[in-house]
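The values are calculated or read from the model by the stated rules, or taken from the named source; none is laboratory data. The shown structure was predicted, so the numbers you read here are calculated from the model rather than taken from an experiment. A quick note on method: Cβ atoms are made from the backbone with ideal geometry, for glycine too, and the neighbour counts reach across all protein chains shown. Ligands, DNA and RNA are excluded from the accessible area calculation, which covers all protein heavy atoms including side chains. Shrake-Rupley method; radii C 1.70, N 1.55, O 1.52, S 1.80 Å.
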Amino acid sequence: MSGLSPESVELFLQEASENLQYLREYSGILQESQTKLEDLEKLYIASHTLSGTSASYEFPLFSEVASKMAHIFHYAMNATLTPEMHGPLTEFISDAIAVLEFDLLQISSSGVETADDIASFKQRYAFAFPPPLASEPANEYAENDFGVGEPIPEIFPTHSFAGRLPEDAEVPGEVLEFFIPEAEEHLQSVTECLLALEANPNPDDVHRLFRAMHTVKGSAAQVGLHRLSAVAHRVEDLIGQLRDSALQPGAEIVDLCLESVDILKKFLHRQWASDAEMAGAVGPLLARIGELVPEEAVDEEAAVSQAGLATSSLHSEAAEPIAVSTRSAAAQALPQAKSVRISLERLDRMMNAVGELVINRTRMVGRLAELAKLVEVLTFSKGRLSGKISDFQEKHEFNRLSGSLVPGSHAPQMDTTRPKFPALPAMTSNDLLDFSELEMDRYDDFNILSRSLTEISADVTEVLTQLEGFMGRVDTDIDEFTKLAHHLQDEITAARMVPIGNLYTRLSRTVRDAAKATGKPVELSLEGAETELDNNIIQHISDPLIHLVRNAVAHGIEGADERRHSGKDEKAHVTVRAYHRGNHIFIEVEDDGRGIDYERVRQSVIQSGAMSPVAAAELADRELREFLFRPGFSTASSMTELAGRGVGLDVVRSNVHSLNGEIEVRSELGRGACFTVKVPLTLIISQALFVRCGTSVFALPLAVVEEIRRLRPDEIEDVGGRLLTRVRDVVTEIVRLDLQLALPQLEPLNGYFHMVIVKVAGKHVGVVVEEVLGKDEIVIKNLGDYLRRVKLFPGTTIAPDGSLILLIDLNRLVSADTADRHALPASSPAARVFAPGAEAVAAGSIPAEAVDPIENDRVVVVADDSISVRKFVGRMLEKAGYRAKLASDGLEASEIVAQSGCHLVITDLEMPRMNGYELMAHLRQNPATRGIPVLVVTSRAGAKHRDRALKEGASGFLTKPVQEDQLLSSVESLIGSDKPQARPAIAVRPRQN
């Protein structure tokens, strides 16, 4: 190509790219039974043009492949392709287009064809490239390019693999935005095929595997990710050997390919911390691939044998009678592409717009209800008017003209309600005397006014009738508007839906890796792969499900010896099933392992110090299952990569609750366990139940509402600080919304409260409210960054009158917040009553003099707006024997000190509502709290902040991040370690007998 100008090459590249694009879009019609001759002719012209122009521009490899495609289309124009020929020929054309596109890219970048890829392509489709005669050179094009006998250059020399990878080009962000999802989809297909090959080798899976990897390689090179393309090229070579039956898909090759997929994903998302890390991972991988598939190795015998078989098959088919199908001569344009790629952000905006439609529909319904009330008032007023008019008519309508109206008496009354008409002839008394009172009525002003009011009443009645008809039509229009909004919501939701089977591939890989790590033979069954779920929910639910299946293998499944001893199959079974029910998706992870050993859980509870043996012995199975979801809790005897880290089911439940979902567990010892995850179809629009407490209206998720019932005040019992009642002879815990949210106290209505029974955290709880208003669809709006720490209210919705209605997180209302308020640390003095040896003390076996006196707790209030800092400092204090009370700001800390007192206050300086300086000033103003020492722990290390804190009365000043020994030393110096009573403590005194 040395004699060609850059302009000529650019012209060839543009023309060839257009023809290849045309072939990629329309070559699929080759499989259609009624393909038109004109369509085949257009495809033949495109491929023949490619072959001719590439040859004239001195690209012989490109020309040779293009000529084979032209031959196929030319053959199809004059002969009928049998169904057995469709698959191989269509696959040949697809791969030929892909290799030509890659070759075109190499020509554009370096001016040299990709001889390796085309040679590999010719080897795979040896039936289309008959072997050369003995007198001809073995590879004419290779000789022309590289010289006689000169081997094709290696892409990865044996002495350096990762070091010779090409550099990536600058890839625009908008290109990656579309490329990454496509590449992830193909890599997921690769993983699916590999897992299927390991279980049941199938040629179709091998072909699909090769095509997916080939597409990843070509697409990556096209966008500029050359390193990803180069590694994918070597993996493609390995898969090509599988395809040609030179290698068999065993566990070693599947492991190697799965490891390659992980490395390709790191290249795709650019997750390498450094080039050294990349080289350390990629180098050994390419070396192992090179051992199985040397780059220069070409199995000539296999190629010749495949070519002979394929050629004889092709000749035998050609020898059959050729039936030329008659085709219509009418020209018809080829079908255009019927799909377009839309980003999830745009779909989110469209769904938010639908949410606004729902809000407007609710507002319109509210306006219509207001109009209905006005119609009722107007109807009532019209009734009053009609009654008054009837009374008036009875008195004055039938008055007759009396004898006093004859001549000589006073003049008759004139009709003052009508305009005067002077042209009317006057009626004399003689004319009136010609008629009797029964023959002609006489009217005065009262009679005329009565008739006018009757007509006005009739007009008002007609207007009301029309208004009621108008309201009916508007109501019908709103119903149609609601149907349209629901249809639009369903369509957009369907566009966001993806089969959960896309997630199943990751689960299969997780189970395989976990089974391999633990040495347990496990078979995974996947059901309901076609169940569709919102893509956003799938992204959030993937990690919890992965942990559940990993947990099933690590904790639930027994070893092979234990399973044999129990009479079970050596190969364990883990089942993941998904199904749709109502507006929710249920996902179950079930295993046939040992199940939950409740006694082992009980012992773990005791060993962790959460409860004493006496209290733990009284725990029911449901309560023990709840411990599995506590942070840091684990039943594993040792820490491994899969278990024992104490980070697991608590994160699973937290993620599921963030999706407004639920997770439940059922288990039978020796039979297995089943975790059921329930999540909504979508997160933006959901059903809610509206309740009222006083003047405040709240929304409860309708999905967790079981029933609504009335409750008498005397049916509520206070047992140990917990409110309980009986619902169908079942003891049910009660939460009063007014008490939990510090609202005005509820008063029973007609002697009853309203109670909403909800199911949260695996149990039924009654929420007492003043009134249940009804249910409706709501659009959940975020509270914003300013209120992001208000966890009890995950969002809000807009009422018809424009006011905001807060959505309550029932899980936090019922369980988390209650636990935070009432939980006592294990170091509490009350814990000694249940400590080991307490039974002997209670029985009198140990003299009272031998029992050490129980000192009162030293209480420390920790005030910080960061929850992580509060809990971190609180745990350090509790571990050292102090009792910590946590406050989110200065105002809450001052309330805790006023109510229960303390020995020390640890405070930050910058907090909402009341900062550290204001808190110290508030404590100093009260004589009862003036003596409590204050330790400031802040990130403000300047002298100005330190001086101001000391001036306000701080006893100590530490800067973040604070070390544990430094903090405990400061606390001990302020309130002591041996005699906590030596320090002032408000309302915290040991009980005196």
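Some notes on this structure:
- A Förster distance of 60 Å, applied to the separation of the beta-carbon atoms of residue 24 and residue 928, puts the FRET efficiency at 0.10.
- Taking every protein chain into account, the accessible area of segment 161-303 amounts to 44 square angstrom per residue (probe 1.4 Å).
- Inter-site label distance for residue 540 and residue 108 at 7 Å from Cα along Cβ, in nm: 4.1 nm
- Mean Cβ count within 10 Å, highest first, over the residues of peptides 943-949, 877-883, 920-926, 226-232: 226-232, 877-883, 920-926, 943-949
- Projected label points at residue 259 and residue 972, each 7 Å from Cα along the beta carbon direction, are separated by 5.1 nanometres.
- R0 of 45 Å, Cβ-Cβ distance residue 463-residue 913: FRET efficiency to nearest 0.05: 0.20
- One chain, two ends: residue 895 and residue 291. Fully extended at 0.36 nm per residue, the span grows by 210.2 nm beyond their Cα-Cα distance.
- Straight-line cross-link reach from residue 568 at under 27 Å between alpha-carbon atoms covers these lysines, not counting any fewer than eight positions away in the same chain: 516, 520.
- Straight-line cross-link partners of residue 781 among the lysines, defined as a Cα under 27 Å from its Cα and at least 8 positions apart when in the same chain: 483, 678, 759, 791.
- Among 213-224, 479-490, 106-117, sorting by the average number of other beta carbon atoms lying within 10 angstrom of each residue, highest first, gives 213-224, 106-117, 479-490.
- The label point for residue 11 and the one for residue 879, both projected 7 Å from the Cα toward the Cβ, are 7.8 nm apart.
- Annotation: lysines with alpha-carbon distance below 24 angstrom to residue 388 (same-chain offsets under eight excluded): 373.
- In this structure, residue 717 and residue 790 have a Cβ-Cβ separation that, at R0 = 35 Å, corresponds to a calculated FRET efficiency of about 0.65.
- Extension gain, residue 379 to residue 246, is 38.8 nm, computed as 0.36 nm per intervening residue step minus the present C-alpha separation.
- Probe 1.4 Å, accessible area per residue of segment 657-711, Å²: 41 Å²
- Additional length obtainable on full extension of the chain from residue 804 to residue 781, 0.36 nm per residue less Cα span: 7.3 nm
- Measuring against 23 Å, Cα to Cα, the residue pairs 879/951; 763/879; 571/763; 36/68 contain 879/951; 763/879; 571/763 as the ones spanning a longer distance.
- Under the Karplus curve 6.51 cos²θ - 1.76 cosθ + 1.60, θ = phi - 60°, whole-Hz ³J(HN,Hα) for segment 352-364, x wherever Gly or Pro sits: 5, 5, 5, x, 5, 4, 5, 5, 5, 4, 4, 5, 5
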